[in-house]
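The next block holds one structure in the form of C-alpha cells; read it before the comments.
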Amino acid sequence: MKARELIEQNNKKRALLTEENEKYYTNLLLYIRTKLTLSEQQSEEILMEMLDHLTEGQQDGKTAQEIFGNDPKGYADEIISHLPRENKRKSFIFVSEIAINLVGWFLIMRSIIIPIIGTKASEEVYIISSLLLILLIMVMTALGVKMIFGLISQRSFDENATDKKMMIRAGLYGAGGFLVILIISFFVKEIGPSFILPWQSSLGIGAILLLTSWIMKKSRI
C-alpha cells in the first residue's frame, strides 16, 4: 500500500477514536510527519500500526496513555530514531517538483504583470538576474516550509501553544521573506545577457511547467 493510500486509510480510522485518544494520537502523527528527512512510506506504515494498536486497545477500554505511556514526545522520538531516512532519489524528485512548480508560477505571474505595465522593456529577461531571483524564491520557500513544519512539531506537545501564535509567526516570516525578495530583486534586476520573452510565451511555458509539476506529484503519490 502506497503512502497516500495509508494516509487516506489513517484519516478514516482516526474517526473511530475517542476525543482523548484522537488528540493524543494526532499529536504523535503530526510530530512524526513533520520530520521531513524520514521515509514517508515507513513513517505512514508505523503510524498505521500504532493506530491499529490504539483502536484495538480502545475496544478493551484502554486509553492512549495506558498504551503508549505518559511521555508521548519521548515515545515519538524513540520511534523516529528507528525510522530510515528518505531515499535520496525521492528527495531529489520532490525538490525538483517544487522548483518546477515555483518557476511555473513565476512565469504565470510575469505574464499577468507585463500587459499591465505595457512596455516593451518589461518583456526583456536578464538571465543571471532571473536565475538569482528564482534561486532566492526557492531558498525562501524551503526555509518557510522548514519553519512551518518546525512550528507544527513544537506545537504537538506544547499545551500553551495556540493556532493564533503559530499563524502570527508564519505570517511574519511570509511578510519578511516577501520584503527580502523585493529588495534583492531591485538590486539584481539587470545583470547578465538578456533576451525578449513575450508575455504569451511566458504564460505558455509557465502552464507547461505547472502541468509537469502536477504529473510529477501524481506519479510520486
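The values are calculated or read from the model by the stated rules, or taken from the named source; none is laboratory data. The shown structure was predicted, so the numbers you read here are calculated from the model rather than taken from an experiment. Reconstructed Cβ throughout: ideal geometry from the backbone, glycine too, with neighbour counts over all protein chains shown. Protein only, heavy atoms only, side chains kept; ligands, DNA and RNA dropped before computing areas. Shrake-Rupley method; radii C 1.70, N 1.55, O 1.52, S 1.80 Å.
Could you look through the range 104-124, keep only residues that are at pLDDT 85 or above and aliphatic (A, V, I, L, M), and pick out the one that is surrounded by the most Cβ atoms within 10 Å (Cβ to Cβ)? First the steps, then the outcome.
Taking the range 104-124 and keeping what is at pLDDT 85 or above, we get 104-105, 107-109, 111-112.
Adding the requirement that they be aliphatic (A, V, I, L, M) leaves 107-109, 112.
Numbers: Leu107: 24, Ile108: 17, Met109: 12, Ile112: 13.
So, considering only residues that are at pLDDT 85 or above and aliphatic (A, V, I, L, M), the one surrounded by the most Cβ atoms within 10 Å (Cβ to Cβ) is Leu107.
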I'd like to verify a number: residues in the range 40-82 that are in contact with a strand residue (DSSP E or B) (Cβ under 8 Å, 6 or more places away or on another chain) and crowded, with 17+ Cβ neighbours inside 10 Å, how many?
0
Checked the range 15-32 for anything free of Cβ contacts under 8 Å to residues at least 12 places away in the same chain and either open to solvent by less than 60 Å² (accessible area, probe 1.4 Å) or part of a helix (DSSP H, G or I) (or both); matches are Glu19, Glu22, Lys23
Checking Lys146 against (1) touching a helix residue (DSSP H, G or I) at 6+ places or on another chain (Cβ under 9 Å); (2) under 26 Å from Glu97 (Cβ atoms), which test does it fail?
(1)
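Please go through the range 34-59 and give me each residue that is over 17 Å from Lys13 (Cα atoms) and charged (D, E, K, R), ordered by number.
The initial filter retains those residues of the range 34-59 that are over 17 Å from Lys13 (Cα atoms), namely 34-42.
Those that are over 17 Å from Lys13 (Cα atoms) and charged (D, E, K, R): Lys35, Glu40.
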For the range 190-221, name all the residues that are closer than 19 Å to Ile117 by Cβ, open to solvent by less than 90 Å² (accessible area, probe 1.4 Å) and part of a loop (DSSP other than H, G, I, E, B).
Leu197, Pro198
Please work out which one of (1) under 30 Å from Met48 (Cα atoms); (2) surrounded by 15 or more Cβ atoms within 10 Å (Cβ to Cβ) is the condition Tyr173 fails and give its number.
(1)
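Which one of Val139, Val145, Val180 is modelled with pLDDT of 80 or more and either within 26 Å of Leu30 (Cα to Cα) or in contact with a Pro (Cβ under 8 Å, 6 or more places away or on another chain) (or both)?
Numbers: Val145 fails: modelled with pLDDT of 80 or more; Val180 fails: either within 26 Å of Leu30 (Cα to Cα) or in contact with a Pro (Cβ under 8 Å, 6 or more places away or on another chain) (or both).
The unique qualifying residue is Val139.
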When you check Asn101 against the structure, is it crowded, with 16+ Cβ neighbours inside 10 Å and at negative phi, yes or no?
yes
Thr141 vs (1) touching a strand residue (DSSP E or B) at 6+ places or on another chain (Cβ under 8 Å); (2) open to solvent by less than 70 Å² (accessible area, probe 1.4 Å): all pass except (1)
The lone condition Gln154 fails out of (1) closer than 30 Å to Leu30 by Cβ; (2) open to solvent by 50 Å² or more (accessible area, probe 1.4 Å); (3) of a type in the set (S, T, N, Q); (4) in contact (Cβ under 8 Å) with a residue 24 or more places away in the chain is (4)
